[in-house]
């Protein structure tokens with residue numbers, strides 16, 4: 001049968017419509033859901049280096065406060081050797097003096113009495129010596145008994161002892177040995193006495209003025225007319241609290257820094273540990289002798305003291321592993337391949353690019369040391 005062209009076109013259109021009605025279009029694939037326990041991971045563009053916290057030998061120090069004092073072993077206090085009136089001052093505060101240099105001049109009647117007693121004692125010795133010589137000569141000719149010789153010998157010994165006592169008194173007053181001969185001959189009867197420095201150093205205190213009357217032996221706490229100190233070294237007294245006392249030992253190194261001059265520092269060693277606790281501050285005084293370069297240390301100055309208490313093993317991590325953000329100090333700890341978490345830590349002292357860990361990290365933890373700056377933006 002022959003189909004007309006019009007009917008043939010209708011048959012083709014019907015077949016095409018039937019084919020379209022039988023096909024089905026595929027449904028879009030559902031988006032995969034994120035697991036509830038998924039951890040933040042590092043992106044492919046983040047280079048991360050991991051280290052393990054390790055123990056290191058630490059030179060530990062005990063930091064505290066201290067005060068500077070004059071070295072008592074190099075300090076001398078000059079007091080009045082005799083009662084008298086000050087007629088002249090020969091030295092001033094701040095001056096450097098040598099041993100034997102005159103400091104001031106006293107006019108003292110007691111000095112005249114001491115000189116007179118020495119001259120009398122010398123004359124008594126001469127007289128007793130002549131009497132003893134005469135007694136021996138008389139005894140040889142049987143003119144006197146042996147008893148009288150013994151009495152003459154006793155008189156001589158008493159006179160010699162009195163002479164030595166008077167001479168010692170003049171030496172204590174500062175008269176040189178060569179001047180005693182003039183006193184014995186009564187050619188030196190002056191009542192003026194020059195008081196000299198018993199030791200060299202720097203005059204750090206003066207409490208006397210011309211015309212002032214000073215007394216000797218009339219008080220249990222005599223006035224220090226001059227104070228001379230050796231400023232080559234100073235004492236530093238540090239306050240150590242009771243819990244820290246077992247850490248301190250004799251000979252440990254001490255570093256002293258001045259709050260007023262951060263660039264100035266002194267070094268010494270512990271030379272004394274007090275056996276008593278201050279009842280007010282509950283501290284023990286620890287003393288160190290410190291060289292006083294450029295005389296930077298001043299008496300009564302407050303300083304910072306660091307006492308080296310010896311080596312100790314401490315857990316440490318690199319400083320690059322530590323992050324601070326919003327008042328929080330933390331590190332990034334690897335939990336698994338590509339998985340990290342923030343871990344708050346408590347830190348201690350620094351040492352050669354590392355920092356002591358006091359808490360938050362153990363020796364088994366793996367910590368991010370490099371790449372943490374970018375990684376911490378991902379890990380929350």
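Summary of computed values
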read-out	value
Which numbered condition residue 312 misses (of (1) in a loop (DSSP other than H, G, I, E, B); (2) surrounded by fewer than 14 Cβ atoms within 10 Å (Cβ to Cβ))	(1)
Looking only at segment 108-150, and only at residues there that are touching a strand residue (DSSP E or B) at 6+ places or on another chain (Cβ under 8 Å) and surrounded by 16 or more Cβ atoms within 10 Å (Cβ to Cβ), the one that is nearest to residue 172 (Cα to Cα)	111
Meets criteria (within 33 Å of the chain's Cα centre (by Cα), part of a strand (DSSP E or B), assigned by TED's automatic domain parsing to the domain that holds residue 257 and touching a residue at least 24 places away in the same chain (Cβ under 8 Å)) for residue 305	yes
Within segment 71-85, tally of residues that are buried (at least 16 other Cβ atoms within 10 Å of the Cβ) and over 16 Å from residue 222 (Cα atoms)	3
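The values are calculated or read from the model by the stated rules, or taken from the named source; none is laboratory data. Please read these numbers as outputs of a predicted model, since none were measured by experiment. Glycine also receives a Cβ, built like all others from the backbone with ideal geometry; neighbour counts cover every protein chain displayed.
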